[in-house]
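This report refers to the structure that appears directly beneath it.
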Amino acid sequence: MPLLEMTDIHAGYGGANILNGVSISIEAHEIGVIVGPNGAGKSTTLKALFGLLTIGEGEVRFDNREITNLPPEQLVRAGLSFVPQEFNVFPTMSVQENFEMGAYIRRDDFRRQIDQIYGFFPPLKDKRRQPAGELSGGQRQMVAIGRALMTEPKLLLLDEPTAGLSPRYMGEIFERIIEVNRSGVGILMVEQNARQALAVAHRGFVLAGGQNRFTGTGAELLADPDVARSFLGGGA
């Protein structure tokens, strides 16, 4: 069974659908990437999955359980964690305090988890007492991902994790995402940097007009001339 299976999802805002039949399926060990033009429904897909807007039609199954339209607090306890694109850290709190806030549902000793996160993101260890709002954009994104990992999710949802970052930090964030995935956490992320994201993806989904236009492995989509011409800015 897939870890996540979204089937024929219709959802939107104010009675107007943005998603018109999106279907996504990934396995527990995979990195899934959603790409497409602006307005395609990429971020809306993550919000619908995480209970931030109502799904009108379709079904979401996670870890062999239907979770359609469950509220976010239940989804976190079920093993999902979400990092929004913006406002994703507590800026006046230290790095360490941000991680401790991420463990709000836990009643066990989570110090081992914090140590693991510093292992994923070594630059943060020396800055652990520094307010997160004083960090660079790339380091703030590391804090946001680290805080989301404090609930020990089975699937981590990332909305534009490299948005606005320099090429240096973009590459570093992708490297850290791969490392987190190798530790046993599934990843589903939305990305505008489509070529770089598909290069690290086990499975990719190209959306347009709120529907799947192409689905395949990251390598297959990068090699597809129709995908390259329409969505990647040139030939394959």
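The values are calculated or read from the model by the stated rules, or taken from the named source; none is laboratory data. Predicted model, so just to flag it, every value in this text is computed and none were measured. With ideal geometry, Cβ positions are generated from the backbone for all residues, glycine too; neighbour counts draw on all protein chains shown.
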I'd like the residue in the range 156-177 that is over 12 Å from the mean Cα position of the chain (by Cα) and in contact (Cβ under 8 Å) with a residue 40 or more places away in the chain and, out of all such residues, is nearest to residue 200 (Cα to Cα). 176
Among the residues of the range 191-199, is any touching an Asp or Glu at 6+ places or on another chain (Cβ under 7 Å), in a strand (DSSP E or B) and surrounded by 23 or more Cβ atoms within 10 Å (Cβ to Cβ)? no
In this structure, is residue 182 out of contact with any Lys or Arg (no Cβ under 8 Å at 6 or more places or on another chain) and crowded, with 17+ Cβ neighbours inside 10 Å? no
Restricting to the range 57-74, give me the number of residues that are crowded, with 18+ Cβ neighbours inside 10 Å and either touching a Leu at 6+ places or on another chain (Cβ under 8 Å) or more than 30 Å from residue 15 (Cα to Cα) (or both). 3
Scan the range 202-226 and report the pairs whose first residue is crowded, with 18+ Cβ neighbours inside 10 Å and whose second residue is of a type in the set (Lys, Arg), with Cβ atoms within less than 6 Å and a gap of 6+ or a chain change. 206/213; 207/42
For the range 86-108: of the residues being surrounded by 17 or more Cβ atoms within 10 Å (Cβ to Cβ) and among the polar types (S, T, N, Q), which is farthest from residue 148 (Cα to Cα)? 94
Search the range 89-114 for residues being assigned to a loop (DSSP other than H, G, I, E, B) and at pLDDT below 95, and hand back the single one that is nearest to the chain's Cα centre (by Cα). 103
Looking at 18, 114 in this structure, which one is closer than 30 Å to residue 222 by Cβ and buried (at least 18 other Cβ atoms within 10 Å of the Cβ)? 18
For residue 51, state whether it is buried (at least 17 other Cβ atoms within 10 Å of the Cβ), among the small types (Gly, Ala, Ser) and not in a strand (DSSP E or B). yes
